[in-house]
Amino acid sequence: MALMKVKFDLKKRVKLAQMLWLMYWFSIMAGVLVFSMGLFFKIELRKRSELMDNNESHFVPNILIGVGLLACFLNASGGKICYDSLDSTKFVKWKTVLKPFLICCLFFNFLLIVTAVMCFAMRIPLEFTLAEGLKNGMKYYKDTDTPGRCYMKRTLDLMQMEFRCCGNNNYKDWFEIQWVSNRYLDFSSKEVKDRISSNVDGKYLMDGVPFSCCNPSSPRPCIQQQITNNSAHYSYDHYTEDLNIWKRGCRDALVSYYGGMMNTIGILVLMVTLLQIAVMIGLQYVNTSLSTLVNPEDPESESEGWILEKTVKETFTDIMAKMKAMGKGSQVDEGANEEAVATVS
């Protein structure tokens, strides 16, 4: 028994084909949107590629770009098929390719679901790559004269100002690294000598942060040096006072930004998947309704359409039986080849 069988006459078939043709155009625009979102996300990652520990984060936007292009191609082909189905004589040339085309659409829908899952799951690896990338980037903040690292200071400063964040986990990360270049330190100064000698690695560490960590909304002038020294500033207590530097870490800020973007794209891909499933089912109805015309020479005759020729259980059983038959066939061929080799020897 066919699954979800529907009777069609000429009027119903024409309406179905016209509606599907329109839906395919919406699907093409959805494919363009997926492509655009993938391209936009790739550009956003490129802007801060210096802060990424690896290039694996570009895998998902590349998949989105490919899926968007494939969606445009498949939907344009499906729209052409629906347009030709209005004329039964034109539809004849599509009969041989329609079944493989529907199978391709089925695999494409599966690919869309996998892509959506990857979008939602990307937050976890992105957090790890940003943690390591930001940590290394902060170490290179002072290397403005080193080729390949000379723009790291600008990149970090712009990022901290744009995302209103400071450091990797928080502003205290800057206390653990030397972010001031030696060329700007007076080594004849006792303070500089004391700070360097007090550190095992001979680095100039201090309880200060770059200017880009300052919160411009704070009414108090920015305290970016001696942050933990209460006596260095009038009426100041860094334990209780609301600091006028950003408290949020940049890793959390960037993960939230990219994660929110990927969640939005994932929801979009799921919506596109639902649309693709709908047009695929509609195309199957068009195919079966035209293939079961009572009188193929009379386009006005009635016909029946369905999603599956048998029930889901029967279809699954048939597929498994065919796969087993193919497996047995390959085993028989291997056995025959071995016998032939033995006979020759």
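The values are calculated or read from the model by the stated rules, or taken from the named source; none is laboratory data. Just so it is clear, the model here is predicted, and its values are computed rather than measured. Please note: Cβ atoms are built from the backbone with ideal geometry, for glycine as well, and neighbour counts cover all protein chains shown. Protein only, heavy atoms only, side chains kept; ligands, DNA and RNA dropped before computing areas. Shrake-Rupley method; radii C 1.70, N 1.55, O 1.52, S 1.80 Å.
Return the residues of segment 147-198 that are under 26 Å from Phe128 (Cβ atoms), among the polar types (S, T, N, Q) and assigned to a helix (DSSP H, G or I); say none if nothing qualifies.
So in segment 147-198, the residues under 26 Å from Phe128 (Cβ atoms) come out as 148-149, 151-179.
Those left that are additionally among the polar types (S, T, N, Q): 155, 160, 168-170, 178.
Selection gives Thr155, Gln160.
Only residues in segment 102-116 that are under 18 Å from Gly266 (Cα atoms) count as the first member; pair them with residues that are open to solvent by 80 Å² or more (accessible area, probe 1.4 Å), Cβ under 9 angstrom, at least 6 apart or cross-chain, and list the lot.
Here the result reads Ala116/Ile267, each pair linking segment 102-116 to a residue that is open to solvent by 80 Å² or more (accessible area, probe 1.4 Å).
Which of (1) among the hydrophobic types (A, V, I, L, M, F, W, C); (2) within 36 Å of the chain's Cα centre (by Cα); (3) open to solvent by 90 Å² or more (accessible area, probe 1.4 Å) is the odd one out, the single condition Ile177 does not satisfy?
(3)
Name the residues in segment 152-165 that are under 17 Å from Val255 (Cβ atoms) and touching a Gly at 6+ places or on another chain (Cβ under 7 Å), would you?
Hits for segment 152-165 are Leu156, Cys165.
Examine segment 230-241 for a residue that is under 24 Å from Met161 (Cβ atoms), assigned to a loop (DSSP other than H, G, I, E, B), in contact (Cβ under 8 Å) with a residue 12 or more places away in the chain and open to solvent by 50 Å² or more (accessible area, probe 1.4 Å), and state whether such a residue exists.
No - not one qualifying residue is present in segment 230-241.
For segment 199-223, how many residues are assigned to a loop (DSSP other than H, G, I, E, B), at pLDDT 85 or above and open to solvent by less than 50 Å² (accessible area, probe 1.4 Å)?
So the count comes out to 9.
Scan segment 201-229 for residues that are under 19 Å from Lys172 (Cβ atoms), free of Cβ contacts under 8 Å to residues at least 12 places away in the same chain and more than 42 Å from the chain's Cα centre (by Cα) and report the count.
So the answer is 0.
Of the residues in segment 74-86, how many are without any contact (Cβ under 8 Å) to a residue 12 or more places away in the chain and open to solvent by 10 Å² or more (accessible area, probe 1.4 Å)? Write out each step before concluding.
Our first condition is that a residue be without any contact (Cβ under 8 Å) to a residue 12 or more places away in the chain; within segment 74-86, this holds for 80, 84.
Filter once more, keeping what is open to solvent by 10 Å² or more (accessible area, probe 1.4 Å): 80.
Residues that pass the stated criteria total 1.
From the set of residues in segment 20-68 that are among the polar types (S, T, N, Q) and touching a residue at least 12 places away in the same chain (Cβ under 8 Å), which is surrounded by the fewest Cβ atoms within 10 Å (Cβ to Cβ)?
Taking the candidates together, the pick is Asn54.
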